[in-house]
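Taking it in order: structure first as structure tokens, then the write-up.
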Amino acid sequence: MNQRLIPLVPSSNPTKNSTILQAEPEPLEIDLKRMAIVVVDMQNALISKGGMIDLLGVHDVSKRQKIIAPFKRVIDAIRTHGCKIVYTVDRCSADFRECGGPDSPFWYKSVNLNAYRDHPEWRDKLLIRGTWGSEIVNELMPLSGDIIVESQRLSTFFGTNMDMILKMYHIKYLLFGGITTNIAVEATMRDAFYLDYFPILMADCAMNSGPPFMQEATTFNLKYHYGWITNSEAVIKALK
């Protein structure tokens, strides 16, 4: 691991709550008061048995469920430090008005919409607002004071008030995990980078879509071009 340390970002409201987070390609000095965790699309439709992805049979959701335990440990540890917890959720209206219509490529690429076209009887298992499928899994259920940002595109920054919310809380460092590493997580982390946040992926709290090499390819891209890579244990250690 590169031992060059990324120094603490200057703040107009300096605190003494800095810590060193071990990461690749180098560790970072982080102000805990300016850190938040972003929980990406940990929803029943994408993770739970009986949800959309399970019914489609394109992924083994039991593998996706393995990231819940380390994710919960990090969230519980971060709560004790007063850090913000941001849940991003992929939800659309019952008439799919956010999908852009037939003149939008998203209209045809949306897994959610395509599943509904083929299986309208699955409505409660999809990512439609107000359904079981769109809800966050019970193990990671948000608490009062947590932030929930709804998104209808792969990057949660696109067309939402995510950036405005984070800046209101003076957030600079973003820990990421969720579903899926190479799609929604990566898209959101790239936009975070372009918006001058410090995006950090907790690799054991994120699961890819597709073959295993997609996880490797995404972590390589993120590590060398768009952010840093760490894991849940390193985060918990940095918080102690």
* **Residue list for region 159-178, restricted to those being β-branched (Val, Ile, Thr), in contact (Cβ under 8 Å) with a residue 40 or more places away in the chain and surrounded by fewer than 18 Cβ atoms within 10 Å (Cβ to Cβ)** => Ile165
* Asked: Which of the residues spanning region 193-215 are at pLDDT 95 or above and not in a strand (DSSP E or B)?
  -> Phe193, Tyr194, Leu195, Asp196, Tyr197
* Asked: Do the conditions hold for His59, that is, is it surrounded by 15 or more Cβ atoms within 10 Å (Cβ to Cβ), at pLDDT below 95 and not hydrophobic (A, V, I, L, M, F, W, C)?
  -> yes
* Under the condition of being under 24 Å from Ala69 (Cα atoms) and within 13 Å of the chain's Cα centre (by Cα), which residue from region 136-153 is surrounded by the fewest Cβ atoms within 10 Å (Cβ to Cβ)? -> Ile148
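Got a sec? Which of Thr156, Thr181 is more than 21 Å from Ile6 (Cβ to Cβ), crowded, with 18+ Cβ neighbours inside 10 Å, in contact with a strand residue (DSSP E or B) (Cβ under 6 Å, 6 or more places away or on another chain) and modelled with pLDDT under 95?
Within the list Thr156, Thr181, the selection yields Thr181.
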* Structure fact -> Checked region 131-160 for anything over 30 Å from Asp196 (Cβ atoms), of a type in the set (D, E, K, R) and assigned to a loop (DSSP other than H, G, I, E, B); matches are Glu135
* Asked: Of all residues in region 62-103 being surrounded by 12 or more Cβ atoms within 10 Å (Cβ to Cβ) and of a type in the set (S, T, N, Q), which is nearest to the chain's Cα centre (by Cα)?
  -> Thr88
* Structure fact -> Note on region 91-130: residues out of contact with any Ser or Thr (no Cβ under 6 Å at 6 or more places or on another chain), in contact (Cβ under 8 Å) with a residue 40 or more places away in the chain and either outside any helix (DSSP H, G or I) or of a type in the set (Lys, Arg) (or both) are Cys92, His119, Lys125, Leu126
* Asked: Are there any pairs with C-beta distances below 9 angstrom linking a residue in region 193-221 that is under 20 Å from Pro70 (Cα atoms) and free of Cβ contacts under 8 Å to residues at least 12 places away in the same chain to a residue that is crowded, with 23+ Cβ neighbours inside 10 Å and of a type outside the set (Val, Ile, Thr), with the two at least 6 apart or on different chains, and if so which?
  -> Glu216/Asn208
* Asked: Taking region 111-140, which residues are of a type in the set (S, T, N, Q), farther than 13 Å from Asp90 by Cβ and modelled with pLDDT of 95 or more?
  -> Asn138
* Asked: Of the numbered conditions (1) modelled with pLDDT under 90; (2) under 30 Å from Pro211 (Cα atoms), Tyr87 satisfies every one except a single condition; which is it?
  -> (1)
* To do: Show the residue pairs that are 6+ apart or on different chains and have beta-carbon atoms under 6 Å apart, the first residue being within region 60-82 and free of Cβ contacts under 8 Å to residues at least 60 places away in the same chain, the second being of a type in the set (D, E, K, R) and in a helix (DSSP H, G or I).
  => Val61/Asp54
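The values are calculated or read from the model by the stated rules, or taken from the named source; none is laboratory data. Every value quoted in this text rests on a predicted model; they were computed, and no experiment measured them. Backbone-built Cβ (ideal geometry, glycine too); neighbour counts: all protein chains shown.
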